[in-house]
């Protein structure tokens with residue numbers, strides 16, 4: 001198994017998830033989504049890619065029996081999504097997350113990005129099991145500088161400041177001593193740049209929607 005985490009031993013996938021979790025998935029919509037791929041994909045193709053990846057992430061979360069609720073954060077309700085939806089007010093991701101967390105109260109919460117085409121149920125299970133055991137967990141990106149997912153167990157992170165953006169891994173882990181950092185393939189492969197897409201395709205992801213992902 002390719003699982004690794006900083007500071008702490010790996011948690012076995014057989015470890016029980018102790019709490020139910022509330023998940024939030026931020027989705028960027030419209031022509032501005034994945035603009036760094038504009039040299040490779042036209043606007044319609046980028047929009048289709050965002051929809052496809054977000055549908056995959058949401059589908060994985062729906063298949064996790066320990067996820068009690070899933071909320072999509074976006075300017076408009078995504079097509080075909082009938083679950084909980086929160087309108088993005090345009091205040092910036094960190095402000096939107098702070099408002100959501102405040103309204104939730106003391107619950108276990110998982111924030112996970114929508115551009116993770118290799119995500120598997122086992123990735124989510126391992127992350128929340130680790131957070132259940134240690135209070136929090138972070139999944140970084142391939143560059144090991146960002147935050148692709150962040151789990152805060154009930155009773156932890158009430159004063160936590162969300163710092164999504166450049167160098168967010170460092171800013172997040174500085175707030176909770178010994179926050180475990182995971183390097184799971186399904187959580188670290190996000191799609192922002194052309195080389196991310198090349199890497200994902202090498203792992204079995206297919207850009208052509210007619211092709212099924214071999215995961």
note = The condition from (1) outside any helix (DSSP H, G or I); (2) modelled with pLDDT of 85 or more; (3) surrounded by 18 or more Cβ atoms within 10 Å (Cβ to Cβ) that residue 33 misses is numbered (2)
key: Subset of region 41-72 (residues that are closer than 19 Å to residue 85 by Cβ, without any contact (Cβ under 8 Å) to a residue 40 or more places away in the chain and exposed (fewer than 14 other Cβ atoms within 10 Å of the Cβ))   = 59, 62
inquiry  = Looking at 47, 60, 25, 72 in this structure, which one is under 21 Å from residue 100 (Cβ atoms) and part of a helix (DSSP H, G or I)?
reply    = 60
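Please go through region 145-155 and give me each residue that is assigned to a loop (DSSP other than H, G, I, E, B), modelled with pLDDT of 95 or more and touching a strand residue (DSSP E or B) at 6+ places or on another chain (Cβ under 8 Å), ordered by number.
Across region 145-155, the qualifying residues are 147, 148.
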Verdict on residue 141 being surrounded by 20 or more Cβ atoms within 10 Å (Cβ to Cβ), in contact with a helix residue (DSSP H, G or I) (Cβ under 6 Å, 6 or more places away or on another chain), in a helix (DSSP H, G or I) and touching a residue at least 24 places away in the same chain (Cβ under 8 Å) = no
key: Candidates 132, 158 - the one that is over 18 Å from residue 26 (Cα atoms), surrounded by fewer than 17 Cβ atoms within 10 Å (Cβ to Cβ) and at pLDDT below 95   = 158
query = How many of the residues making up region 181-203 are modelled with pLDDT of 95 or more, under 19 Å from residue 27 (Cα atoms), in a helix (DSSP H, G or I) and in contact with a helix residue (DSSP H, G or I) (Cβ under 9 Å, 6 or more places away or on another chain)?
reply = 2
ask   = How many of the residues in region 161-175 are in contact (Cβ under 8 Å) with a residue 24 or more places away in the chain, under 24 Å from residue 91 (Cβ atoms) and buried (at least 17 other Cβ atoms within 10 Å of the Cβ)?
value = 5
key: Selected residue (criterion: farthest from residue 193 (Cα to Cα)) from residues of region 94-120 that are crowded, with 18+ Cβ neighbours inside 10 Å and over 12 Å from the mean Cα position of the chain (by Cα)   = 108
Checking residue 55 against (1) assigned to a helix (DSSP H, G or I); (2) farther than 18 Å from residue 154 by Cα; (3) modelled with pLDDT of 95 or more, the condition it does not meet = (3)
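The values are calculated or read from the model by the stated rules, or taken from the named source; none is laboratory data. These numbers were taken from a predicted model, which means no experiment stands behind them. No Cβ is skipped: glycine too gets one built from the backbone with ideal geometry, and neighbour counts run over all protein chains shown.
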